[in-house]
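J.: Pasting a structure below so you can have a look.
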Amino acid sequence: MAFNPNVVTLSSVLCIPLLLLSVHLPPASVLERLNSLLEDPRSLVIAEDTQQIFSDESLLREVNQSNSHSAPISAGFSIAATTTETGRMSLSGPILSRFTSIYTEPYRLNIIKHIPLSENKNQQQKIYENDEEIEQDEKVEEEDLLIISEGITEKNYEMIETINDIHSGLIELHQKVTITEYIRWCRTAVSLHKLQQFSSQKAAGIAALRTILDVLPDNDRRYKTKEFLYKFIPKKLSFIVVTDVKKRLVQQREEVLMYEESKTKQIQLVSKISGISISVHQNAQTEVLDSVIWTKSAVDIADALLTAIASKAIAIFEGSPGRGKTAVAKAVLEALGLKITRINLSPTTTIEDLFGRDMPQADPEGGGFTTRFVPGPLTQVMIMSTQDTFDQSLPSYAILIDEINLAEPHLLEVIESFMLEMSKEDRFFLPNGKEIIHKPIVIVSTMNGAALSNARSTLSTKLQGASH
């Protein structure tokens, strides 16, 4: 079989700086092979190079005169890696000893601090002595949040003030906001403000609902919206969230989604619930929306999906079977004219099933066997997305991942990395090292509720905070 050098080999030979994201994810057997790159003298042993490409003096006469299977390492080659605090614990001692470790202190969070009352005077005195430290910590936390919001909103202080008002109200209702949720909240609010021309109050309110409260159980979300957030979101959206299901009749499609012509003569799909509008492609299937039974749940899902697409975020729908998560999401995507690739995950799904595999094939000239890479469905979508133009406001392709929580942990880590990269034009390295250039792709996924499968706990904190 032909030897095809991948990203690590090419980077070390061609003197291209190499950044390994989440270095703790590959198996230990793979990581140990990097040891030779990190020690002096540096080398990269390639057992798979059966053809001895890197030992062929006719190819690399000046850089490799040895008769070995080691790739010639450029003197200026550098390597860096990222990991998490828990991921670092899984790395071996030899690997850690060869890196210079730089610890990045996490953001502090501005969350509620409960000071328990105590009948013991000594304990109570100690609590009072800590008051000054608590106030100082809260001041630092507020400064962290201000720095984040100023950077994301480009110092739009009207937006920042609205976000702070909502944040304070949520804290009073004992709603914790993690730092990743806060960042996603700010980014969504800015997108709705700029692209949808929403006021700061409306943009921040809808963003808070979709990035923070939507992950709560229905009763909690209803209560916190009714008690506080209703002041910052449209009345129709508040009605959908707050009104009890038993009191809400099935609505007509015209009351939920409408096609309208914009000032620039473009056809848009408009949510009558929140006011979100998105220009559709010419192949939009307008009739598909009439097949949906517009219950409260269906209306909520459709509006949440449009909000996620408008703010270029990942949409993850969690709930019990039969609520229409997949059906409604598929109908909305088709109504926008997106070309959908649907994938159903299961415990037996493999990385190769999704991204592709190298298949052996006979050499037609009788030279033995060679390999041919057969792309999987996710890779095919990335390749096709390159046909999009740079000025498209809406991508042409969407990936609908069903039952994401059923994937095995090692596969889920790879899928999460893939999902986080698809919102922008970039390049993605497949698990086998092959580089794929892609344009933005809409990502939607579904999973059963936590009561049935402890679903959301299987997703990384980073993905939860980066999605709606």
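J.: Quick check on the stretch 435-454. Is at least one of its residues modelled with pLDDT of 85 or more, on the phi < 0 side of the Ramachandran plot and open to solvent by 50 Å² or more (accessible area, probe 1.4 Å)?
T.: Yes, the stretch 435-454 contains a residue that is modelled with pLDDT of 85 or more, on the phi < 0 side of the Ramachandran plot and open to solvent by 50 Å² or more (accessible area, probe 1.4 Å).
J.: Scan the stretch 166-178 for residues that are part of a helix (DSSP H, G or I) and either crowded, with 18+ Cβ neighbours inside 10 Å or in contact with a strand residue (DSSP E or B) (Cβ under 9 Å, 6 or more places away or on another chain) (or both) and jot them down.
T.: Residues satisfying the conditions are Ile166, His167, Leu170.
J.: Looking only at the stretch 329-356, count how many residues are free of Cβ contacts under 8 Å to residues at least 24 places away in the same chain and either closer than 30 Å to Lys272 by Cα or not assigned by the TED database to the domain that holds Val381 (or both).
T.: Here the count works out to 0.
J.: Of everything in the stretch 276-294 that's assigned to a loop (DSSP other than H, G, I, E, B) and touching a helix residue (DSSP H, G or I) at 6+ places or on another chain (Cβ under 8 Å), which residue is least open to solvent (accessible area, probe 1.4 Å)?
T.: Ile276
J.: In addition: Say whether the condition of being among the hydroxyl-bearing types (Ser, Thr, Tyr) and more than 26 Å from Leu394 (Cβ to Cβ) is met by at least one residue in the stretch 200-216.
T.: Taking every residue of the stretch 200-216 in turn, none turns out to be among the hydroxyl-bearing types (Ser, Thr, Tyr) and more than 26 Å from Leu394 (Cβ to Cβ).
J.: Also, quick follow-up: Go through the stretch 268-294 and count every residue that is among the aliphatic types (A, V, I, L, M) and closer than 17 Å to Pro395 by Cβ.
T.: Total meeting the criteria: 5.
J.: Which one of these is over 24 Å from Asn448 (Cα atoms) and crowded, with 22+ Cβ neighbours inside 10 Å: Leu378, Leu333, Leu306, Leu338?
T.: None of the others qualify; the one that does is Leu338.
J.: I'm checking my understanding of the structure. Among residues of the stretch 309-330 that are in a loop (DSSP other than H, G, I, E, B) and open to solvent by less than 30 Å² (accessible area, probe 1.4 Å), which one is nearest to Gln268 (Cα to Cα)?
T.: My answer is Ser311.
J.: Further, regarding this structure: Of all residues in the stretch 290-328, count the ones that are touching a residue at least 12 places away in the same chain (Cβ under 8 Å) and farther than 19 Å from Leu420 by Cα.
T.: Total meeting the criteria: 23.
J.: Just checking, does the stretch 255-273 include any residue being assigned to a loop (DSSP other than H, G, I, E, B), touching a Gly at 6+ places or on another chain (Cβ under 8 Å) and of a type outside the set (Asp, Glu)?
T.: Looking through the stretch 255-273, none of the residues is assigned to a loop (DSSP other than H, G, I, E, B), touching a Gly at 6+ places or on another chain (Cβ under 8 Å) and of a type outside the set (Asp, Glu).
J.: What is the residue count in the stretch 179-217 for residues that are more than 22 Å from Ala466 (Cβ to Cβ) and either open to solvent by less than 40 Å² (accessible area, probe 1.4 Å) or touching a residue at least 24 places away in the same chain (Cβ under 8 Å) (or both)?
T.: The number of residues fulfilling the criteria is 3.
J.: Restricted to the stretch 381-407, and to residues that are among the acidic types (Asp, Glu) and part of a loop (DSSP other than H, G, I, E, B), which residue is least open to solvent (accessible area, probe 1.4 Å)?
T.: Ranking the candidates gives Asp388 first.
J.: Inside the stretch 13-31, can you point out the residues that are closer than 22 Å to Leu96 by Cβ and either modelled with pLDDT of 75 or more or of a type in the set (Phe, Trp, Tyr) (or both)?
T.: The answer is Pro17, Leu18, Leu19, Leu20, Leu21, Ser22, Val23, His24.
The values are calculated or read from the model by the stated rules, or taken from the named source; none is laboratory data. Just so it is clear, the structure is predicted and the values come from calculations on it, not from any experiment. Here the Cβ is made from the backbone with ideal geometry for all residues, glycine too, and neighbour counts use every protein chain on show. These area figures cover heavy atoms from the full protein model, side chains too; ligands, DNA and RNA do not enter into them. Shrake-Rupley method; radii C 1.70, N 1.55, O 1.52, S 1.80 Å.
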